[in-house]
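Participant: I'd like to ask you about the structure that follows.
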Amino acid sequence: MKEKQIYYFDHNATTPIDNEVFKAVVPYYEQLYGNPSSSYYIGRQVRDKIENARSNIANYFNMNPEGVMFTSSGSEADNMIIKGIALGNKDKGNHIITTKIEHPAVLNTCKFLEKNGFEITYLDVKEDGIIDTQELKDSIKSNTILISIMYANNEIGTIQPIEEVGQIAKEKGIIFHTDAVQAIGEIRIDVKKLNIDCMSISGHKIYAPKGIGMAYIRPGIKFEPLIHGGSQEFHLRAGTENVIGIIALGKAIELLDKNIENNNEKLIDLKSYILNKIQNNLTDYIINGDIDKRTLNNINLSFKDIDGESLLLALDLDGICVSSGSACHSDSMEPSHVLRAIGVPNDYISGTLRISFGKNTTKKEIDYLIEKIKEKIDFIKGI
């Protein structure tokens with residue numbers, strides 16, 4: 001039976017593992033399988049490799065290495081940072097500021113904290129998906145201990161004014177956290193320049209495997225660990241380290257440092273190409289979020305009077321992988337909280353597709369994608 005050809009347009013959900021990343025971890029499956037806490041040779045070799053990855057990641061983001069802690073995912077990193085700071089600083093206050101379009105890992109963590117005595121302010125966003133920094137300033141109180149605002153949105157790709165937010169937080173003496181999971185693949189981030197105190201990232205959005213993330217917490221910040229046990233990760237995140245994931249993440253960051261500008265040039269070209277194809281071939285749609293202040297590889301479209309799930313499944317039959325929203329809550333039939341927040345009309349909101357391409361996407365694949373979207377929409381409408 002002939003294998004079905006796949007046309008992959010869901011890089012914001014996950015990316016394929018880069019071959020160089022894969023090759024970098026093979027020895028740690030086959031020969032260097034020691035526990036990094038062990039004192040014998042293969043344990044020491046693994047420990048050295050972990051610390052090398054930590055140092056390289058810290059250098060890339062201009063972080064203090066002792067603030068870099070490896071986690072199982074971006075979601076764990078968000079939980080670890082927000083809960084840890086809330087509990088560690090409750091003597092100073094109980095007010096946290098975030099936005100209405102955050103990833104569920106942030107929103108649901110804040111809802112949990114609300115049930116446990118914390119006060120949360122959820123900032124609105126404008127129709128373009130970007131916050132009003134004046135609203136942020138007006139929301140700050142004497143008991144505000146944390147501002148958590150994502151760098152780039154996972155559904156519509158919009159990029160927040162992180163440098164301005166960081167400056168506001170610094171001037172007010174408030175800890176600033178950003179979920180940068182969707183941003184790091186395209187944006188060089190200097191945490192010191194941007195006044196970012198804490199940051200979350202995930203490996204599988206940058207061609208590393210699933211199951212590895214990182215939480216950065218600037219040394220000196222009061223923090224309550226989420227997981228208790230051994231002394232791993234500076235006594236702040238217990239459990240034997242995910243050696244394979246850490247080495248893979250370190251390699252992925254190394255490749256990012258080497259290739260990010262070239263990758264972005266390609267993504268800029270592909271974005272221009274796909275927007276032109278959309279404009280010339282599709283009708284009755286809106287593009288959600290600011291068209292310029294967004295990640296290069298994200299196009300979020302809503303079609304009028306179309307059921308997005310039906311369109312997604314029809315495209316899947318032809319080997320096309322796209323999302324109707326965020327893969328993190330794809331089992332929910334409720335309209336996206338992000339699209340609600342930016343005011344997408346009711347007759348469009350259910351007909352949403354998130355198209356996200358990657359460094360290996362071709363224009364021929366884009367041609368096929370747009371051809372099939374038009375074909376499936378015409379069929380659904382009975383044209």
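Participant: Does the stretch 336-345 hold any residues that are out of contact with any helix residue (DSSP H, G or I) (no Cβ under 6 Å at 6 or more places or on another chain) and modelled with pLDDT of 95 or more, and which are they?
Facilitator: His337, Val338, Arg340, Ala341, Ile342, Gly343, Val344, Pro345
Participant: OK, next. Just for the stretch 236-294: of the residues that are outside any helix (DSSP H, G or I) and of a type in the set (S, T, N, Q), which one is nearest to Asn52 (Cα to Cα)?
Facilitator: Restricting to residues being outside any helix (DSSP H, G or I) and of a type in the set (S, T, N, Q), the top hit is Asn242.
Participant: Need pairs with beta-carbon distance below 8 Å; first residue touching a residue at least 12 places away in the same chain (Cβ under 8 Å) and within the stretch 127-145, second part of a loop (DSSP other than H, G, I, E, B) and among the basic types (Lys, Arg); sequence gap 6+ or separate chains.
Facilitator: From the stretch 127-145, the pairs are Asp128/Lys293; Ile130/Lys293; Asn143/Lys92; Ile145/Lys90; Ile145/Lys92.
Participant: With the stretch 150-230 as the region, which strands (runs of 3 or more DSSP E) entirely inside it contain at least 2 residues that are under 11 Å from the mean Cα position of the chain (by Cα), touching a residue at least 24 places away in the same chain (Cβ under 8 Å) and within 19 Å of Ile253 (Cα to Cα)?
Facilitator: Those strands (runs of 3 or more DSSP E) span 175-179, 198-202.
Participant: May I ask you to list the residues in the stretch 1-27 that are over 27 Å from the mean Cα position of the chain (by Cα) and surrounded by 13 or more Cβ atoms within 10 Å (Cβ to Cβ)?
Facilitator: Pro27 - this is the single residue of the stretch 1-27 that is over 27 Å from the mean Cα position of the chain (by Cα) and surrounded by 13 or more Cβ atoms within 10 Å (Cβ to Cβ).
Participant: Is it true that some residue in the stretch 290-298 is among the basic types (Lys, Arg), under 21 Å from Asp128 (Cβ atoms), in contact (Cβ under 8 Å) with a residue 12 or more places away in the chain and not assigned by TED's automatic domain parsing to the domain that holds Glu155?
Facilitator: Scanning the stretch 290-298, I find at least one residue that is among the basic types (Lys, Arg), under 21 Å from Asp128 (Cβ atoms), in contact (Cβ under 8 Å) with a residue 12 or more places away in the chain and not assigned by TED's automatic domain parsing to the domain that holds Glu155, so the answer is yes.
Participant: Continuing with this model, one more query. I'm trying to understand the selection: among the residues of the stretch 332-369, which are crowded, with 19+ Cβ neighbours inside 10 Å, hydrophobic (A, V, I, L, M, F, W, C), out of contact with any Leu (no Cβ under 6 Å at 6 or more places or on another chain) and not in a strand (DSSP E or B)?
Facilitator: Passing the criteria: Val338, Leu339, Ala341, Ile342, Val344, Ile366, Leu369.
Participant: Okay, moving on. Only one of Asn276, Asn281, Asn300 is surrounded by 17 or more Cβ atoms within 10 Å (Cβ to Cβ) and of a type in the set (S, T, N, Q). Can you tell me which?
Facilitator: Asn300
Participant: Could you check, for the stretch 15-35, whether at least one of its residues is in a helix (DSSP H, G or I), farther than 30 Å from Leu369 by Cβ and touching an Asp or Glu at 6+ places or on another chain (Cβ under 6 Å)?
Facilitator: Looking through the stretch 15-35, none of the residues is in a helix (DSSP H, G or I), farther than 30 Å from Leu369 by Cβ and touching an Asp or Glu at 6+ places or on another chain (Cβ under 6 Å).
The values are calculated or read from the model by the stated rules, or taken from the named source; none is laboratory data. This one's a predicted model, so the numbers in the text were calculated from it and none came from an experiment. A quick note on method: Cβ atoms are made from the backbone with ideal geometry, for glycine too, and the neighbour counts reach across all protein chains shown.
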